[in-house]
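Student: Below is the structure I would like to discuss, written out as structure tokens.
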Amino acid sequence: MDYTVLGRTGLRVTVMGVGCGGPSRVGQNTGRTAEESTAIIREALDSGINFVDTAEGYGTEEIVGQAIKGIDRSSIVLSTKTSTFGKTTAEDVRTSLEESLKRLGTDYIDVYHLHGAILQDYDHLVSVAVPALQQLREQGKIRFMGITERFNADPQHAMLQRALQDDIWDVMMTGFNIINQSACQRVLAKAIQKNVGILVMFAVRRALSRPEILHETIQGLIKNGQLDPDDIDRDDPLGFLIHEGGAVSVADAAYRFCRHEPGTHVILSGTGNSEHLRANIASFARPPLPEADLARLKNIFRSVDSVSGG
Ligand SMILES: NC(=O)c1ccc[n+]([C@@H]2O[C@H](COP(=O)([O-])OP(=O)(O)OC[C@H]3O[C@@H](n4cnc5c(N)ncnc54)[C@H](OP(=O)(O)O)[C@@H]3O)[C@@H](O)[C@H]2O)c1
């Protein structure tokens, strides 16, 4: 597994990270037992992945805690989040962090995020939650401060564009994928200038793992004028990516697309399925997509910023 440096944090991280939320919650949404989910995370760590993302809101912190038990803590980069609401207080943040530490069985978090912040709440969070985060950092309970967007509700990155104007955030988590590439110009370009570490979510979610949802999404984008039907084969919109020397599947193309985009550091991948885990690890070892395929993808989806693909 390739490593990179997570922007200004200086943390050495693998380019693939285990996501413990999303539609699968490492299998907790698809009928797996806690032991089976623990085994998936362990398998990912044993394969060389060193980055794990969870959140108080996912209900998977205890599972992560079990999976990392007995492993040298300094060999793992742990990312977790406190939920944010309009009225989040400093005390909410402190209590939330203490509970996360207990569930994870650790005494520090490497990257601690405000979870799913929206633009309307941003100023309040900066005035109330950020001082609490700074205090926790001084106490050594968190190492770096992050913020994540609510991509389904904010597919145009309004909150992260605002957050990039400040010099507060070491790490940001953005939605980015083949279908909605708008983070390139709106988030990644500025994040590169500011050396902010970038975690990518939604690389593969529903539209890029289920053909019927992809079909629906494409129809919607043609209808709302963000996609030119002349650019695309409606019956098999991403079929052109799969060929010898190209991608082996849509999910493979989707992970490689994100992994090789300049400005991205860790691409999160969540699954409750061991076969998917192994396939995804293999995708991260493959080279960028062929230039002609990449150019075609960039052209087809150049105007899309209304959907998350989730
Ligand atoms: N606002 C936020 O802070 C926020 C929001 C969303 C997510 N996140 C974080 O980001 C991580 C990534 O989230 P995500 O939204 O990109 O979703 P995800 O958690 O990576 O889920 C990916 C989905 O695709 C399926 N899948 C994975 N590999 C596959 C493959 N090779 N072939 C077919 N299907 C495959 C999985 O189902 P199977 O179980 O069947 O494989 C799962 O349903 C999350 O786990 C979470 O840690 C953060």
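Student: Which residue, PHE85, ASN152, ALA55, has the largest displacement toward the positive end of the dipole of the stretch 55-157 when charges sit on each Cβ (Lys, Arg +1; Asp, Glu -1)?
Tutor: Going by the Cα projections, it comes out as ALA55.
Student: I've got another one for you. Kindly put ASP72, ASP123 in sequence by how many other C-beta atoms sit within 10 Å of each C-beta, fewest to most.
Tutor: So the ranking, lowest neighbour count to highest, is ASP72, ASP123.
Student: Now a separate question. Suppose we take every Cα in the stretch 25-76 and form the convex hull; what volume per residue is that in Å³?
Tutor: For the stretch 25-76, the hull spanned by Cα atoms encloses 71 Å³ per residue.
Student: Something else: How many nm separate the modelled label positions at ARG234 and THR4, each set 7 Å beyond the Cα in the direction of the Cβ?
Tutor: In this crude label model, ARG234 to THR4 measures out at 3.7 nm.
Student: Quick one: Karplus J couplings for the stretch 3-16, per residue in order, coefficients 6.51, -1.76, 1.60, θ = phi - 60°, nearest Hz, x for Gly and Pro?
Tutor: 10, 8, 9, 7, x, 5, 5, x, 5, 8, 10, 7, 6, 10
Student: If you don't mind, another one. Describe numerically, in nm with one decimal, the distance between label points set 7 Å from Cα along Cα→Cβ at ARG73 and at SER249.
Tutor: 3.7 nm
Student: Still on this structure: Over the Cα atoms of the stretch 79-201, compute the convex hull volume and normalise it per residue, giving Å³. Working shown, then result.
Tutor: Values: hull volume 11.9 nm³, N = 123.
Spelled out: Cα convex hull of the stretch 79-201, divided by residues, is 97 Å³.
Student: If packing is taken as the mean number of other Cβ atoms within 10 Å per residue, what is the order of 269-278, 240-249, 77-86, highest first?
Tutor: Peptide ranking by packing, descending: 77-86, 269-278, 240-249.
Student: Sticking with this one: Using each residue's phi in the stretch 216-225, evaluate 6.51 cos²θ - 1.76 cosθ + 1.60 at θ = phi - 60° and report the 3J(HN,Hα) Karplus result to the nearest Hz, with x for Gly and Pro.
Tutor: 4, 4, 5, 4, x, 6, 5, 4, 8, x
Student: Under a cut-off of 19 Å between alpha-carbon atoms, report the lysines in cross-link reach of LYS102, not counting same-chain residues fewer than 8 places apart.
Tutor: LYS102 reaches LYS69, LYS81, LYS141.
Student: As an exercise, use a Förster radius of 41 Å and the Cβ-Cβ distance of ASN29 and GLU138 to find the FRET efficiency, rounded to the nearest 0.05.
Tutor: My answer for the efficiency is 0.65.
Student: A further question on this structure: Assign unit charges at the C-beta atoms only (+1 for Lys and Arg, -1 for Asp and Glu), then state the dipole size of the chain relative to its Cα centre in Debye, rounded to the nearest 20.
Tutor: Using Cβ point charges on Lys, Arg, Asp and Glu, the chain gives about 420 debye.
Student: Just order 46-58, 16-28 by mean Cβ neighbour count inside 10 Å, highest at the front, would you? List each step's numbers first, then the result.
Tutor: On the way: 46-58: 20.8, 16-28: 23.7.
Output ranking for 46-58, 16-28: 16-28, 46-58.
Student: If you place +1 on the Cβ of every Lys and Arg and -1 on the Cβ of every Asp and Glu, how big does the dipole about the Cα centre of the stretch 150-253 come out, in debye to the nearest 20?
Tutor: On the way: 10 positive and 14 negative charges, 107 e Å.
Value, rounded to 20: 520 debye.
Student: Find, to one decimal place in angstroms, the Kirkwood hydrodynamic radius of the chain, where the mean of 1/r is taken over every pair of different Cα atoms and then inverted.
Tutor: Working: mean 1/r = 0.0510 Å⁻¹.
In the chain this quantity evaluates to 19.6 Å.
Student: Let me ask another. For the chain, what is the mean residue ellipticity at 222 nm derived from helices alone (per DSSP H run of n ≥ 4: -39500 (n - 2.57); sum divided by total residues; nearest 500 deg cm²/dmol)?
Tutor: Helix contribution divided over all residues of the chain: -11000 deg cm²/dmol.
Student: Could you sort 179-192, 133-146 so that the peptide with the highest average Cβ count within 10 Å comes first and the rest follow in order?
Tutor: Descending packing order for the listed peptides: 179-192, 133-146.
Student: Between ILE192 and GLU212, what's the calculated FRET efficiency when r is the beta-carbon distance and R0 is 41 Å? Round to 0.05.
Tutor: That gives a FRET efficiency of 0.70.
Student: How far is helix 119-138 tilted off the main Cα axis of the chain, in degrees rounded to 10, range 0 to 90?
Tutor: Relative to the chain, helix 119-138 is tipped by roughly 50 degrees.
Every number in this text was worked out from the coordinates using simple rules, so none of it is lab data. Predicted model, so just to flag it, every value in this text is computed and none were measured. Note that each Cβ is placed from the backbone with ideal geometry, even for glycine, and that neighbours are counted across all protein chains shown.
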